[in-house]
Amino acid sequence: MNCSELVELVTHYLEGELPSDDTRRFDEHIDACVWCERYLEQMKTTITTVGRLDEESISPEARDTLLRAFRDWTAGEQPLP
């Protein structure tokens, strides 16, 4: 498995949805690639953090910025800084 393949499969990996062969290949790559290991840890941290957010926990300005960024992203544009 290369780094690009790992990035494509990370969500399925974290949700336990990969076939056993792919899970083994994923784990082998993580063991050998410090960059993908860091990426996996960042994804775990992001999921944990975002899982604690609700609409009332962010400011209206932050909410608007996020909504605009995702709206632009789905339209194929670059999100606003």
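The values are calculated or read from the model by the stated rules, or taken from the named source; none is laboratory data. The model shown is predicted, which means the values in this text are computed figures rather than measured ones. Every residue, glycine as well, gets a Cβ built from its backbone with ideal geometry; the counts of neighbours run over all protein chains shown. SASA here: full protein model, heavy atoms, side chains in, ligands and nucleic acids out. Shrake-Rupley method; radii C 1.70, N 1.55, O 1.52, S 1.80 Å.
Working only within segment 20-41, note down all residues that are in a helix (DSSP H, G or I) and open to solvent by less than 60 Å² (accessible area, probe 1.4 Å). Walk me through it before giving the result.
Taking segment 20-41 and keeping what is in a helix (DSSP H, G or I), we get 20-32, 34-41.
Passing the criteria: Asp22, Thr23, Phe26, Asp27, His29, Ile30, Cys36, Leu40.
If Glu17 satisfies every condition in (1) open to solvent by 70 Å² or more (accessible area, probe 1.4 Å); (2) part of a helix (DSSP H, G or I) but one, which is the exception?
Glu17 satisfies all of (1) open to solvent by 70 Å² or more (accessible area, probe 1.4 Å); (2) part of a helix (DSSP H, G or I) except (2).
Against the condition open to solvent by less than 80 Å² (accessible area, probe 1.4 Å) and at pLDDT below 90, how does Asp72 come out, does it pass?
yes
If a residue has to be open to solvent by less than 90 Å² (accessible area, probe 1.4 Å) and either in a helix (DSSP H, G or I) or in contact with a Pro (Cβ under 6 Å, 6 or more places away or on another chain) (or both) to count, how many in segment 42-59 make the cut?
8
Kindly evaluate Leu18 against the criterion of being among the hydrophobic types (A, V, I, L, M, F, W, C) and under 13 Å from the mean Cα position of the chain (by Cα). Explain how you work it out, then say what you get.
Values: among the hydrophobic types (A, V, I, L, M, F, W, C): yes; under 13 Å from the mean Cα position of the chain (by Cα): no.
Judged against the criteria, Leu18 is not a match.
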